[in-house]
Amino acid sequence: MSNDKKKIKVKFHIPDNHKLHFTTSVWGGINAKGMVEIHFLHDRPPLPKTSTDTIDDNGTLLQSDIDTSGYSIVRTVQTGVVMDITSAKNLLSWLQEKIETWELKNKESNNVH
C-alpha cells in the first residue's frame, strides 16, 4: 500500500435559503436511532398581544397601552441538527478549540493595561 498523500479541492456550496441564526440556548439528546439531536433556540421577551394607541388630531402618538399578559419568555426553535456520534465528537472538539482560542485572546486583552 502506498503512503502517498493526495490533496483534494473541496468547493463550499451555500444554498440561497442558507440562514445564520442567533441562539441563546440548546435542547436535545440522543434520539431513538442513536443519533445526537440538537435544537438551537432563541429566548426573548414576548411581544405585546395588542396595543391601544391614543393619538391627537394630527396623528401624533400620545400614549400606547399594551397588553403584555401571558408568557414571560418566548422560546423560538430556530433550527435542528441531527448527527452521528463521530460528527458530534468532531463538533465538540471544534467548539473546544474555538472556546480556548477566545479565552486565550480575552485573557491577553485583559492583561494589557
Original post:
Here are some residues: Val36, Val74. Which one is at negative phi and at pLDDT 95 or above?
Top reply: Val36
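Residues checked against (1) within 14 Å of Ala88 (Cβ to Cβ); (2) acidic (Asp, Glu); (3) out of contact with any Gly (no Cβ under 6 Å at 6 or more places or on another chain):
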position	(1), (2), (3)
Asn31	yes, no, yes
Leu41	no, no, yes
Leu47	no, no, yes
Ser51	no, no, yes
Asp57	no, yes, yes
Thr60	no, no, yes
Gln63	no, no, yes
Thr68	no, no, yes
Subject >> Elements of type strands (runs of 3 or more DSSP E) in the stretch 1-111, at least 1 residues being in contact with a Ser or Thr (Cβ under 8 Å, 6 or more places away or on another chain) and of a type in the set (Ser, Thr, Tyr) >> reply: 50-55, 61-67
**OP:** Taking the residues in the stretch 37-65 that are over 30 Å from Trp27 (Cα atoms) and among the acidic types (Asp, Glu) as candidates, determine which candidate is surrounded by the fewest Cβ atoms within 10 Å (Cβ to Cβ).
**Re:** Asp57
Original post:
Which pairs do you get when a residue that is within 16 Å of Trp27 (Cα to Cα), found in the stretch 66-81, comes within reach of a residue that is in a strand (DSSP E or B) and among the hydroxyl-bearing types (Ser, Thr, Tyr), reach meaning Cβ atoms under 9 angstrom, with the pair 6+ apart or on two chains?
Top reply: Arg75/Ser25
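The values are calculated or read from the model by the stated rules, or taken from the named source; none is laboratory data. In this text the structure is predicted, and so the values were computed from the model without any measurement. Glycine gets a Cβ as well: all are built from the backbone with ideal geometry, and neighbour counts include every protein chain shown.
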